[in-house]
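Worksheet: one structure, shown below.
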Amino acid sequence: MKWRTLAVGLLVGALSLTGCGKEGAPGGGGGPVVDQQVASNVQVPGSPTFDKIKQRGRLIMGVKDDQPGLGFKDATTNQFSGFDVEIGRLVAAKLGYGPDKIDYKTVPSAAREDAISRGEVDFYVGTYTINDNRKQRVSFAGPYFEAGQSLLVRKDDNSITSKDTLKGKKVCSVTGSTPIQRVQQQQLTEPNNIVQFQTYSQCVDQLLNKQVDVMTTDDAILKGFAAQSPDKLKLVGNSFSSEPYGVGLNHDDKALRDKVNDILQASFDDGTWQKIYDGTLGKSGTTSSVPKLQRY
């Protein structure tokens, strides 16, 4: 735990990421990377989800809490930060809900469809890859980011250089995630060498403790962990998939999906999306172009 506590402190200082609120509570003291004017008198006719938000007087946003630079919860302040969180705050503001009216609910990868379909969250923003299987249970606005699957290994390990060198290696990722499904489907390693956990930080711990050989997920997530411990971890090889991130929504709420798509498109057009990226993931030295909205 010592390395993680130190690394998180270093990452926060290096990336200058701002906190985004407390789980299950008002926004706290942190402010957004880009100050968003909270819209007033917002109407989303025909949206049962938005009707529930108005009745409740608060918005429940599903997020991740263990992905540095994307969706991360500081253990000391309980504040959330990262690119995904900021995209969620943007959507909330344009729906009429500022930081003091947002509750954050951490949902692991394997439980996302259940949380959305049961109405436990109003929408979900957390490295949520859009695919046909998930679209059977939920809907998506976006994509708001394009990532690709990659590999994270120990700094002194030169035996793994690409997905084609994973045979015989213990591969770790998160239960229910697209990357671990790809490892299984493409038989990149033997079934008994696939290790799954509920959180990415558990995989990182296993990697550092030499219990697994490699961690695989989207490159955006891996870059955040590599930045935490650059003397111990590194990315290898080229990305080998396309992972379009979307805002997860109730399957049948077309009205809200259309509204969120409009919000995202406006952020692409007016430069807000780029400012959010530059203030979060961009601080790690990576670049990204504005994605193309698909309106799924």
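What to note about this one:
- Failed condition for LEU233, given (1) closer than 30 Å to ASP262 by Cα; (2) touching a residue at least 40 places away in the same chain (Cβ under 8 Å): (1)
- Filtered by the rule that a residue be under 20 Å from SER242 (Cα atoms), of a type outside the set (Ser, Thr, Tyr) and within 14 Å of the chain's Cα centre (by Cα), the stretch 113-139 gives VAL125, GLY126, ILE130.
- Filtered by the rule that a residue be crowded, with 19+ Cβ neighbours inside 10 Å and either farther than 24 Å from SER109 by Cβ or in contact with a helix residue (DSSP H, G or I) (Cβ under 7 Å, 6 or more places away or on another chain) (or both), the stretch 132-144 gives ARG134, VAL138, SER139, ALA141, GLY142, TYR144.
- Taking every residue in the stretch 194-211 that is closer than 14 Å to GLY176 by Cβ and touching a residue at least 40 places away in the same chain (Cβ under 8 Å) and pairing it with any residue that is among the aromatic types (Phe, Trp, Tyr) and buried (at least 17 other Cβ atoms within 10 Å of the Cβ), at least 6 positions away or on another chain, the pairs with Cβ-Cβ distances below 9 Å are TYR200/PHE225.
- Taking the criterion of being closer than 14 Å to PHE225 by Cβ and buried (at least 19 other Cβ atoms within 10 Å of the Cβ), the only residue of the stretch 155-172 that qualifies is CYS172.
- For the stretch 256-292, filtered to residues that are among the aliphatic types (A, V, I, L, M) and surrounded by fewer than 16 Cβ atoms within 10 Å (Cβ to Cβ), the residue that is farthest from the chain's Cα centre (by Cα) is ALA266.
- For GLY142: the one exception among (1) assigned to a loop (DSSP other than H, G, I, E, B); (2) at positive phi: (1)
- Tally, over the stretch 267-296, of residues that are without any contact (Cβ under 8 Å) to a residue 24 or more places away in the chain and among the hydrophobic types (A, V, I, L, M, F, W, C): 1
- Subset of the stretch 200-209 (residues that are over 15 Å from GLY71 (Cα atoms) and in a helix (DSSP H, G or I)): GLN202, CYS203, VAL204, ASP205, GLN206, LEU207, LEU208
- Test for VAL212: is it crowded, with 18+ Cβ neighbours inside 10 Å and touching a strand residue (DSSP E or B) at 6+ places or on another chain (Cβ under 6 Å): yes
- The residue that is farthest from ILE160 (Cα to Cα), among those in the stretch 243-296 that are modelled with pLDDT under 90 and among the hydroxyl-bearing types (Ser, Thr, Tyr), is TYR296.
- Of the numbered criteria (1) under 15 Å from the mean Cα position of the chain (by Cα); (2) within 28 Å of THR287 (Cβ to Cβ), the one LYS94 fails is (1).
- Per this entry, VAL44 is counted among residues that are in a loop (DSSP other than H, G, I, E, B) and either aromatic (Phe, Trp, Tyr) or more than 23 Å from LYS223 (Cβ to Cβ) (or both).
- Residue count for the stretch 80-122, restricted to those that are of a type outside the set (A, V, I, L, M), surrounded by 23 or more Cβ atoms within 10 Å (Cβ to Cβ) and in a strand (DSSP E or B): 3
The values are calculated or read from the model by the stated rules, or taken from the named source; none is laboratory data. Being a predicted model, the structure only gives us computed values, none of them experimental. In this analysis, Cβ positions are derived from the backbone assuming ideal geometry, glycine residues included, and neighbour counts consider all displayed protein chains.
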